[in-house]
1. Of all the residues that make up segment A:31-58, how many are more than 18 Å from A:A309 (Cα to Cα) and either surrounded by 12 or more Cβ atoms within 10 Å (Cβ to Cβ) or under 24 Å from the mean Cα position of the chain (by Cα) (or both)?
2. Give the residue, chosen from B:A52, B:A26, that is within 16 Å of ligand 2 (Cβ to nearest atom) and among the aliphatic types (A, V, I, L, M).
3. With within 20 Å of A:L9 (Cβ to Cβ), under 21 Å from the mean Cα position of the chain (by Cα) and more than 10 Å from every other protein chain (Cβ to nearest Cβ) as the only criterion, which of B:L170, B:L147, B:L163 stands out?
4. Could you please let me know if A:I16 is within 14 Å of another protein chain (Cβ to nearest Cβ), on the phi < 0 side of the Ramachandran plot and among the aliphatic types (A, V, I, L, M)?
5. Where in segment B:1-103 are there strands (runs of 3 or more DSSP E), lying wholly inside it, with at least 3 residues that are within 16 Å of ligand 1 (Cβ to nearest atom)?
6. In the set A:R234, A:R241, A:R284, A:R292, which member is within 14 Å of another protein chain (Cβ to nearest Cβ) and modelled with pLDDT under 90?
7. In this structure, does B:P107 turn out to be at pLDDT below 95 and in contact with a Gly (Cβ under 6 Å, 6 or more places away or on another chain)?
8. Looking only at segment B:29-49, which residues are under 16 Å from B:V194 (Cβ atoms) and within 13 Å of ligand 2 (Cβ to nearest atom)?
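The values are calculated or read from the model by the stated rules, or taken from the named source; none is laboratory data. What you see is a predicted model; the values in this text were computed from it and never measured. Neighbour counts are summed over all protein chains in view; Cβ atoms, including those assigned to glycine, are modelled from backbone coordinates with ideal geometry.
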Amino acid sequence: MRVATVDALAGYRRLIQRRMVAVALLAIAILFAFSLDLATGPSGLTLAESLRALISGGDGQAALIVREVRLPIAVTAVLVGAALSLAGAEMQTVLNNPLASPFTLGISSAATFGAALAFVLQLSIPGVPENWVVPANAFVFALGAVLLLQLAAGLRGAGKETLVLFGIALFFTFNAFVAILQFIASEQALQQLVFWTMGSLARATWEKIAILAVVLAVVVPFSLAAAWRMTALRLGEDKARSFGIDVARLRFASLLRISLLTATAVAFVGTIAFVGLVGPHIARLIVGEDHRFYLPASLLSGALIMSLASVASKAIVPGVLIPVGLVTALIGVPFFVILILTRRTGE
Amino acid sequence: MSPTLQVNTLSAGYRRRKVIDKLTLAPIPAGTVTALVGPNGAGKSTLLRALAGFVPAKGALRFGDRDLLRETAARRAQTVGLMPQSAFAGVTLTVLETVIVALKTAPAGGPSDLDIRQRALDALARVGIADLALQPVNELSGGQRQLANLAQTIARGQEIILLDEPTSALDLRLQMVVMKLVAEIAAEGRMVVVVLHDLNLALQWADRLIVLGSKGLRIEGPPREAITPELLAEVYGVRGRIEACSRGIPRLLIDAAIDEAGA
Ligand SMILES: Nc1ncnc2c1ncn2[C@@H]1O[C@H](COP(=O)(O)OP(=O)(O)OP(=O)(O)O)[C@@H](O)[C@H]1O
Ligand SMILES: [Mg+2]
C-alpha cells in the first residue's frame, strides 16, 4: 500500500509537469505563429525586415506597414482567439455541455443583429463616435444576449439544460432578425453586413487592441482564481455543492466573464464561429480537465488557432485578405479532426 | 457532550412534489451509524439531500445548537458531507484529482499542496483504491467508481457523513470493507447516516434504523427491533422472516413478493 502511495504521488507530479510543459509548448507555438503572421502580407516584407522596421521605427514605408497593418492584425488575432476560446471553455464547463460556445448559444448572432441595425437602419446608441457605432451595437446586443441567458439561469428551477435550449432559441431568433434586416437592406448595406458576419481582422486598430487587452487582463485573473471551483463543477453540480460551492454564484460570475470576453471580441472582428468551440476541446485533449491547466490551455489554443488563421487568410490567395472567420473553420476543422483521431485516451 | 442532529417537522421536496412532509426524528447522536432504508422512491435520497442543503427545506434542522437551515452552503459543507447516489458521469479527471479537488475547495483552505496530495491518497488508501489513483474516473468499473465517490466524501473529515447507497455496486468483500470503514468513521466520533437496500447489512452494522415508507416515517429504532415481518409486508410488500443463523445472529430471509391481489 505504501509503495502504491509513493508511486501515485510521483505519477501525479509527472502528470502536472507534463501539463505545464504542454502549456509552455502552446505558448511557444503562438510565438512562432505570431512571427509568421508578422512575416506574411501582400507587401512581401520578410520577418527579418519586419522586425528591423519595427525596432528601428521611423516613418519609412516598411515601418508604417508593420506598425499600422501587420502588427495590429497579428496582435488582434492572438487576443481575439484567446478571448473567444477562454469564453468557450468557461461556457462548456458551467453549462456542462461540450457544444456550448459563444457562437452556438446565440451570442454572436445577437452581436450580428446589433451590427446589422447599424448597417441597415443606421440605428445606434446616441453619442457614440461614427467609427465605433458597429462595435458598440454589437457589444450591447452580445451583452444583452448573455444577460438574457443569465435571466433564464436565474428562473426558479431552471437547470443548465434550460439554459442551453434558451441559448439555441436566441441563436435562431437573432438569425431570423438578421435575415429580416438583410431582406430590406440596400445593396451596399447588405455587402457590409455580409462581410462583417464573415469576421475580419482587417478592422484591427491599436485602440481596439487596448480595449481587448484590458478586458482580458481584468477577466483572466478572476477566471484563473475560479479554477478549482470550476474543476469541482465538472464533477457535477451535486458534487460541487457538497464541497460548499455556491453553484449559482459561480455560474453567474462565469457568465459575466463570458459576456465581457465574447462581446468585446465579436464587436471588433465580427462573427468567428469556430474558435470558441474548438479551442477548449483541443485544450481538453492536451491537458485534461484540471482547470488550472485547462483554462490557460484553452486561451492559448484559441490564440494559436486565430494566429494561424490570420497567416492563412493572407497566404492562401497572395495579395487577398480572406475573411478570417472563413479560415478558422478551414484550419480548425482538420486540426481538430486529427487531434480527435490521434488522442490516446478513449471515452 | 457531543452534539446531536435534530430533525423536527422537516419538509423538503421538488417543485411539483413535496417528498418529505413534516418529518420528525429522534435526535441522532454523533459516533453512531444510522441506516436509512425504504423502498425505491420513498424519499431517502431526498432526505439526505435536504440534510445536506441541496434541496430547499422548511422546519427545523439543528446540529447541537447550530441552526443548519440558516447557515450558508459553505458553512454547512464544513460539517456535512454527502456522497450522492451516482457521480462522475463523463468525468475524465483521475481518481486522485477528484479527491484533491474536494480538499482544495474546502472553505478552510489551509494545508499545503503536498499535504493535500498526501491526504487525498490517504483517503484512497482507506477505501483500498490507492492503486487506482491515476486512472480517469470514467474508466473505472461501477464499483470502483462508487469507492472513488466514497473516498472523496470521507476525505474532508466532516462531522456528519451522509452516504447514499455506498454498497449498491460492490462485491461481497467490498461491502464488508466499506461497512467496516463506516463503523470506523463512527468510532472516530463522527456521525454516519447511510442509505442501504440490504437490510442484512443494516442488521449487522447499524446502531439505528430509520424506515421511510411511502407515507413518510414508518418506524425508527434499533435494527433488530424495527425489522419485523409485518414491517416487511407493509413497507416493501414482501413476505419475509428474521431467523437466527447457526451462530445466533439474526438474518433476514425474503420468500416472495406479495402480489397486488393480496394472495
Ligand atoms: N429531481 C427531482 N425532481 C422531481 N422529483 C424528484 C426528483 N428526484 C426525485 N424525485 C421524486 O421524489 C421521490 C423520492 O425520490 P428519492 O430519490 O428521494 O427516492 P429514494 O428513496 O432515494 O429511491 P431509490 O431507492 O430508488 O434511490 C420520487 O417519487 C421521485 O420521483
Ligand atoms: Mg435514492
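1. Number of matching residues: 8.
2. On the way: B:A26 fails: within 16 Å of ligand 2 (Cβ to nearest atom).
When all the criteria are applied, what remains is B:A52.
3. Numbers: B:L170 fails: within 20 Å of A:L9 (Cβ to Cβ); B:L163 fails: within 20 Å of A:L9 (Cβ to Cβ).
Within the list B:L170, B:L147, B:L163, the selection yields B:L147.
4. Values: within 14 Å of another protein chain (Cβ to nearest Cβ): yes; on the phi < 0 side of the Ramachandran plot: yes; among the aliphatic types (A, V, I, L, M): yes.
Judged against the criteria, A:I16 is a match.
5. Working: elements: B:4-14, B:17-23, B:33-37, B:57-63, B:80-83.
Fully inside segment B:1-103 and qualifying: B:4-14, B:17-23, B:33-37.
6. Details: A:R234 fails: modelled with pLDDT under 90; A:R284 fails: modelled with pLDDT under 90; A:R292 fails: modelled with pLDDT under 90.
Only one candidate qualifies: A:R241.
7. Numbers: at pLDDT below 95: yes; in contact with a Gly (Cβ under 6 Å, 6 or more places away or on another chain): yes.
Here the answer is yes, as B:P107 does meet what is asked.
8. First, the residues of segment B:29-49 that are under 16 Å from B:V194 (Cβ atoms): B:29-38, B:42-49.
Those that are under 16 Å from B:V194 (Cβ atoms) and within 13 Å of ligand 2 (Cβ to nearest atom): B:L36, B:V37, B:G38, B:A42, B:G43, B:K44, B:S45, B:T46, B:L47, B:L48, B:R49.
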